[in-house]
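To start, the structure under review is shown below, and the notes come after it.
The values are calculated or read from the model by the stated rules, or taken from the named source; none is laboratory data. Just so it is clear, the model here is predicted, and its values are computed rather than measured. Positions of Cβ are backbone-derived with ideal geometry, glycine not excepted, and every protein chain shown enters the neighbour counts. To get the accessible areas, we keep the full protein, side chains included, count just its heavy atoms, and leave off ligands, DNA and RNA. Shrake-Rupley method; radii C 1.70, N 1.55, O 1.52, S 1.80 Å.
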Amino acid sequence: MIDLSLLPDGGVAWLDASGRHADVVLSTRVRLARNLEGFAFTGRARDGERLRVLAQVDAAVHEAPPLAGSLTVRVDQLPAIDRLLLHERHLVSKELAALGEAHPLHSGAAVVVGDRVSLMINEEDHLRLQAMSSGFALPETFARVREVERELGARLPFAFHPEFGFLTACPTNVGTGMRASVLIHLPGLVLTKEIGKVLAGLQQMGLTHRGLYGEGSEVVGNFFQISNQTTLGRSEEDLMDQLLRVVGHVVEREEEARRVLLRDAGYIIEDKLWRAFGTLRYARSLTFEEAMNFLSGVRLAVGLKLIRGLSVYTLNKLLIFSQAAHLAYAEGRPLSESETCQARARYVRHALETEAGSVG
Amino acid sequence: MLCDSCHERDAVVHLTQIENNSVTQVHLCERCAAERGVETTVAEPKHPLGDLLHAVQAQLATGEERGEACTFCGCTMADFRATGKWGCPHCYVTFEASLRGLLRRLHGSAQHVGERYQPPRSEATGRAAQLGELRDRLRRAIESEQFELAADLRDRIRVLE
């Protein structure tokens, strides 16, 4: 198995809940899609081309100061379980990790993991640079990924068209190549049934929403990823400014919904959330969906200060480390489905026992 | 909920009918609804590129782009229609005319106003890199049976060699 301790901060520094509004906004992510001039896009490139893309990018990565100390992982040489592990850490996409039948494993697929920035090579585009931060932190996250992009762009010829901007395999990404997103927890809006209106409003503002793992993923545990829909015709600053304003507004709506819930249905909510905590604290087997839904409840309870002594950091860690590949990694062996559910319950129980012994 | 008509498939069409001053609710599956002449939009799954692909299709039908292939990667409009992805940066030049309309539909604009960029002068323009690029293009030209282009590329490779 891959040694995750080699990754800077394990690649999950954004879990530490140090950012603004960290109990509602888990993380902020900004990604830039770039391609190299002189090669076909990954989907149409031959094996040799992809390997040359990888070699060129790798050489540039070694010279780029912001990526000093980064680690390059050849995803194409990893077994499936390790690829899933990297995916669960949000370091590689489903496509790059070749998870699911629709996605073949491309030769030259790799990920560079640096300090709160990472770089997928030979995904749909040759380069997918991304920076992630804890909490609601758009400008600083963008600045970090931009710095890496500038360094690499000074060493590699990016495909750029004066009219269409940065060229990408899919026309939905062309122009800035930027997708800025926040992972946000909205149980209040879901429980008060306001969420439909809010999501419809996003669409009108040129924003879109997805599940926990981005495009094509389901919404579980009331976690939504909100991001810009368009990438062309507006500057990076403009796109971010709008996301900043709208997400700020959504956070306010969520906080308002939570106040309403407490005021109008106090004991019902309190009972529901404590039951979620009780299940997590004592269950002997948990499916991923169950764990996510109960964790959503406990997260809300911590936000409402109904449950004290439990940190948002612990809850964030539970989200990542209670996933299948992480449990197998911790146990040091592949697990069957029922073993995974038992290991998950054990892990969650242990975390709550040690970090929230005096909760009540 | 099962279909009121066949009692086999899931009901996806919920019809409210007013007959003789009384309101009745009928729940039908897609097939039974179609048999009764109820128009549904369920059959067409929503795809983020759905509108775009339809537009491309419409353009193909007029013959505007028929047969044109990117000289760098051999990608055609039909390839784009099938995958929703271009083959290489040169496709944006090859299909420039039709692209503008598509980008406007997708983004509301076809003009980049963000960060400008000047690629570095590097070994990418050197002979070895150029040769590699030409050989890749030659292979692709042969595969897509663009023999005139292939002959031209072969000549250029000879000159460089």
Practice item. Among the residues of region A:229-272, count how many are open to solvent by 20 Å² or more (accessible area, probe 1.4 Å), not in a helix (DSSP H, G or I) and not charged (D, E, K, R). Key: 4
Exercise for review: From the list A:113, A:53, A:57, pick out the single residue that is of a type in the set (Val, Ile, Thr) and more than 14 Å from every other protein chain (Cβ to nearest Cβ).
Suggested key: A:113
Check your understanding: Are there any pairs with C-beta distances below 9 angstrom linking a residue in region B:132-158 that is touching a residue at least 60 places away in the same chain (Cβ under 8 Å) and away from chain A (no Cβ under 14 Å) to a residue that is surrounded by 17 or more Cβ atoms within 10 Å (Cβ to Cβ) and in a helix (DSSP H, G or I), with the two at least 6 apart or on different chains, and if so which?
Key -> B:146/B:140; B:149/B:137; B:149/B:138; B:149/B:141
Exercise for review: Name the helices (runs of 4 or more DSSP H) wholly inside region B:70-161 in which the number of residues that are touching a Pro at 6+ places or on another chain (Cβ under 7 Å) is 1 or more.
Suggested key: B:96-107
Revision key, fill the gap. Within region A:107-119, residues in a loop (DSSP other than H, G, I, E, B) and crowded, with 21+ Cβ neighbours inside 10 Å come out as A:108, A:109, A:114
**Study point:** Residues of region B:86-112 that turn out to be within 7 Å of chain A (Cβ to nearest Cβ) and open to solvent by 80 Å² or more (accessible area, probe 1.4 Å), as a count
**Key:** 1
**Study point:** Any hit, region A:83-100, residues being modelled with pLDDT of 90 or more, more than 19 Å from the chain's Cα centre (by Cα) and β-branched (Val, Ile, Thr)
**Key:** no
Review point. Within region B:57-71, is there a residue that is under 30 Å from residue A:155 (Cα atoms), modelled with pLDDT under 90 and in contact with a Ser or Thr (Cβ under 8 Å, 6 or more places away or on another chain)?
Key: yes
Point to revise | Residue that is loosely packed, with under 15 Cβ neighbours inside 10 Å and of a type in the set (A, V, I, L, M), where the choices are A:97, A:59, A:17 | key: A:59
Exercise for review: Kindly list, by first and then second residue, each pair from a residue in region A:165-179 that is at positive phi and more than 7 Å from chain B (Cβ to nearest Cβ) to a residue that is aromatic (Phe, Trp, Tyr) and part of a strand (DSSP E or B), limited to pairs with Cβ atoms under 6 Å and residues at least 6 apart or on different chains.
Suggested key: A:177/A:166
Study note, to complete from the structure: Of (1) open to solvent by 10 Å² or more (accessible area, probe 1.4 Å); (2) at pLDDT 95 or above; (3) assigned to a helix (DSSP H, G or I), residue A:345 fails just (1)
Review point. Is there any pair linking a residue in region A:45-71 that is among the polar types (S, T, N, Q) to one that is open to solvent by less than 10 Å² (accessible area, probe 1.4 Å), with Cβ under 7 Å and at least six apart or on different chains, and which?
Key: A:56/A:36; A:56/A:156; A:70/A:61; A:70/A:112; A:70/A:113; A:70/A:114
**Study point:** Candidate set from region A:19-40 (those that are aliphatic (A, V, I, L, M), in contact (Cβ under 8 Å) with a residue 40 or more places away in the chain and touching a helix residue (DSSP H, G or I) at 6+ places or on another chain (Cβ under 9 Å)); member that is farthest from residue A:181 (Cα to Cα)
**Key:** A:36
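The rows are residues; the columns are (1) polar (S, T, N, Q); (2) free of Cβ contacts under 8 Å to residues at least 12 places away in the same chain; (3) open to solvent by 60 Å² or more (accessible area, probe 1.4 Å).
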{"position": "A:307", "(1), (2), (3)": "no, no, no"}
{"position": "A:317", "(1), (2), (3)": "no, no, no"}
{"position": "A:329", "(1), (2), (3)": "no, no, yes"}
{"position": "A:338", "(1), (2), (3)": "yes, no, yes"}
{"position": "A:355", "(1), (2), (3)": "no, no, yes"}
Point to revise | From the options A:333, A:299, residue that is at negative phi and either without any contact (Cβ under 8 Å) to a residue 12 or more places away in the chain or more than 20 Å from the chain's Cα centre (by Cα) (or both) | key: A:333
Exercise for review: Answer yes or no as to whether residue A:154 is over 21 Å from the mean Cα position of the chain (by Cα), free of Cβ contacts under 8 Å to residues at least 60 places away in the same chain, farther than 22 Å from residue A:312 by Cβ and away from every other protein chain (no Cβ under 14 Å).
Suggested key: no
Study note, to complete from the structure: Residues of region A:129-177 being in contact with a strand residue (DSSP E or B) (Cβ under 9 Å, 6 or more places away or on another chain), open to solvent by less than 10 Å² (accessible area, probe 1.4 Å), farther than 30 Å from residue A:303 by Cβ and assigned to a loop (DSSP other than H, G, I, E, B), in sequence order, are A:156, A:159, A:164, A:167, A:168, A:169, A:173, A:174, A:176, A:177
